[in-house]
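> Questions regarding the structure given below will be posed in turn.
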Amino acid sequence: MPRAWWLRLTGMVLAAICAGCSSAVRTDSHPPVADGAYDSEFPTTPVSADLQQIAESVRMVTAIAYYRSLTFSAEARVTEADFRNGFVTERVQKVVFMTRTSSGTAVTILARENRIALLTCDHVVRFPDTVYTHYIDQDRHKTPYLSMASIMEREEVYVAGIPGGRHLDILAADPVEDLAVLGKRYEGDMPPGVPVFQYPYGHATELKWGSFVYIFGYPSGYRMVTKAIVSSPNRNRKGGFLLDAGFKRGYSGGAVLAIRDGAPHFELVGLIRLAKGPTEVYLTPIREGEQIDFDPTMPYRGDVFVDRRSDYDYGVAEAVPAESIVEFLARHKDELHAEGYDISVNVHPAQ
C-alpha cells in the first residue's frame, strides 16, 4: 500500500507540472491587434510564401558609364572654363578611356504586352556627364587647373532575370527625390512569367518608432530579404524615415514593406537609399575603372594615385517614402503613358 500511494502522488505532481507548462505556452502567443496601424512585432503567422512572391518581383540593376578622358599637364594650366569653351584641343596630353559602374535594386511595377517597367533610385543609374579632376598644390589645396576631364559618351543599364534584360531606358527620373523608372519595349509580345509587385503602396507618414519592416535587395549581388525597425519617422513632410538593418552596397532601390494588422497585409512604404558615412582618402595604383596586372609577391613600383571613397554607415539607412514615390509616378504619368507604359498605382486608404 505505501508504494501504491507514493506512485499515485508522483503521478499527480507530474500531471500538475505538465498542465502548468501547457498553460504557459498557450498564454505567450499574442495575435496582432486589428487597430489599422502598422505592426511593430514579428509576424505570428507564416509569411515565407508571401516573401518569396515579393522577392521574385525584385531585380538587380547594373549601370555602366563609358567615359573619354582628356589629360593635361600642369604647365598647360587648363581650367574648367577653358574646357567648356573648347579651348583645350592643343593642350591635350593624351586620351584615355574609363568606365564607372554602379549596382543596386529595382522593383518590377509593370509587365504587360510588350512593356516592362521597374522602379529604382536615381543615383543607382545616374552618372555625371562630365567629371573634372584638379591638380593639388603643395599645401594639398585644389588648384583651378585640370589634370583630367572625363566626358561620358554612353551609358548602359542592365537588369538581371528578365527576358532580354540588357539596355533598359531611363523613362523618368528625379535626382532630388532620388527616384527613377526604367523601361524596356519588346518587338513582339513579352515572354510570360515576369513577376510584378502586387501589394499596395502604403503611407510612410503612418509609421512610428519601432514599426517592423521587411527589406528586399541585392547586397553584393545576392538577392536577400532582411528585417529592420523604423527610427526617426516623419523626418520630413513626406514621411522620410531611418532603418537600422546591416546594409551593404546593392540595397539602394530595394523595397521596404510594412505589415498592417498582421500578415499577409504587406504595403510598400518606401525604397532604400543608403546613408553615406565618412569619405576616406587612399592611395591606389589605378584610377577608378582601370585594370592592372601585378605580382602580389613583388614590390609595386608603378604610378600611385590618390583617390577617395565614400563609405556607408553600417546599420543606418534612409528611405525614400511611399508618398514621394506615388507623387513621382503621378507627376510622370502622362509622359510614361505617351511611351506606352500605363502604370497603375494602388494606394491603401490612409488611416
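The values are calculated or read from the model by the stated rules, or taken from the named source; none is laboratory data. On a predicted model such as this, the values are computed, not experimentally measured, just so you know. Here the Cβ positions follow ideal geometry from the backbone for every residue, glycine too, while neighbour counts run over all protein chains shown.
> Looking only at residues in region 69-89 that are assigned to a helix (DSSP H, G or I), touching a strand residue (DSSP E or B) at 6+ places or on another chain (Cβ under 7 Å) and not aromatic (Phe, Trp, Tyr), which one is surrounded by the most Cβ atoms within 10 Å (Cβ to Cβ)? Reasoning before the result, please.
In the first step, residues of region 69-89 are kept if they are assigned to a helix (DSSP H, G or I); the result is 74-76, 80-84, 89.
After this cut, where a residue has to be touching a strand residue (DSSP E or B) at 6+ places or on another chain (Cβ under 7 Å) as well, the list is 74, 80, 83.
Retained after the next criterion (residues that are not aromatic (Phe, Trp, Tyr)): 74, 80.
Details: ALA74: 12, GLU80: 14.
By that ranking, first place goes to GLU80.
> Considering only residues of region 170-203 that are among the hydroxyl-bearing types (Ser, Thr, Tyr) and under 15 Å from SER57 (Cβ atoms), which is surrounded by the most Cβ atoms within 10 Å (Cβ to Cβ)? Break it down into steps so the answer makes sense when it comes.
In the first step, residues of region 170-203 are kept if they are among the hydroxyl-bearing types (Ser, Thr, Tyr); the result is 186, 199, 201.
If we keep only those that are under 15 Å from SER57 (Cβ atoms) too, we end up with 199, 201.
Details: TYR199: 18, TYR201: 20.
Here the answer is TYR201.
> OK, next. Just one of (1) of a type outside the set (S, T, N, Q); (2) surrounded by 15 or more Cβ atoms within 10 Å (Cβ to Cβ); (3) in a loop (DSSP other than H, G, I, E, B) trips up HIS167, so point out which.
The number of the failed condition is (2).
> Do you know which residues across region 144-164 are of a type outside the set (A, V, I, L, M), within 29 Å of ASP50 (Cβ to Cβ) and surrounded by 14 or more Cβ atoms within 10 Å (Cβ to Cβ)?
Restricting attention to region 144-164, the residues satisfying the condition of being of a type outside the set (A, V, I, L, M) are 144-145, 147, 150, 153-156, 158, 161, 163-164.
Cutting the leftovers down to within 29 Å of ASP50 (Cβ to Cβ) gives us 158, 161, 163-164.
Selection gives TYR158 alone.
> Being within 19 Å of the chain's Cα centre (by Cα) and among the aromatic types (Phe, Trp, Tyr) is the filter; apply it to region 156-207 and report the residue that is farthest from ARG331 (Cα to Cα).
That would be TYR158.
> Considering every residue within region 130-143, establish whether at least one is in a strand (DSSP E or B), of a type in the set (A, V, I, L, M), at negative phi and within 33 Å of the chain's Cα centre (by Cα).
yes
> Taking region 186-211 as the region of interest, how many residues are on the phi < 0 side of the Ramachandran plot and either modelled with pLDDT under 90 or among the aromatic types (Phe, Trp, Tyr) (or both)?
Just the residues of region 186-211 that are on the phi < 0 side of the Ramachandran plot, to begin with: 186-192, 194-209, 211.
From what is left, the residues that are either modelled with pLDDT under 90 or among the aromatic types (Phe, Trp, Tyr) (or both) are 186-192, 194, 197, 199, 201, 209.
Counting residues in region 186-211 that are on the phi < 0 side of the Ramachandran plot and either modelled with pLDDT under 90 or among the aromatic types (Phe, Trp, Tyr) (or both) gives 12.
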